[in-house]
Amino acid sequence: MNEKFKNKVAWCKVCDQGWATIVKAKGTNRYWVQCSECDSEWYHPLHAQLNINIKETIDPSSEEIQETGWGEYIITE
Ligand SMILES: [Zn+2]
């Protein structure tokens, strides 16, 4: 492993000033990718490499939400 590129998966295409680097939430097993300079975030290294902006959102369909298992959290009254 090349230490120079430790945990780095892409050059940040958002700010063009930092590295998209794999990070982990303290005390959990949750990983994502974050820019060392502009704090842009990606859920997967491929998103950083392809510069897919996860902050660009759409409304998922009810079926999609049920598939995530998050349907139970939707307020019903
Ligand atoms: Zn950046």
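The values are calculated or read from the model by the stated rules, or taken from the named source; none is laboratory data. For clarity, every value in this text was computed on a predicted model and none was experimentally measured. Every residue, glycine as well, gets a Cβ built from its backbone with ideal geometry; the counts of neighbours run over all protein chains shown. Just the protein is used for accessible areas: all its heavy atoms, side chains included, with ligands, DNA and RNA removed. Shrake-Rupley method; radii C 1.70, N 1.55, O 1.52, S 1.80 Å.
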Next item on the list: Would you mind calculating the relative contact order of the chain from Cα pairs under 8 angstrom and at least 6 residues apart, reporting the percent as a whole number?
Entry: 20
Checklist line | Magnitude of the charge dipole, the range 3-73, Cβ model with Lys/Arg +1 and Asp/Glu -1, debye to 20 | finding: 600
Check: Which order, highest average first, do 25-32, 8-15, 64-71 follow once you tally other Cβ atoms within 10 Å for each residue and take the mean per peptide?
Finding: 8-15, 64-71, 25-32
Next item on the list: Using only C-alpha atoms and all pairs of different ones, pull out the Kirkwood radius for the chain in Å with one decimal.
Entry: 14.4
Notebook entry, point to check: Taking all protein chains as present, what is the carbon and sulfur share of the accessible area of the chain, in % to the nearest whole number, probe 1.4 Å?
Noted result: 51
Next item on the list: Measure off 7 Å from each Cα along the Cα-to-Cβ vector at residue 64 and residue 2, then give the distance between these two points in nanometres to one decimal.
Entry: 3.6
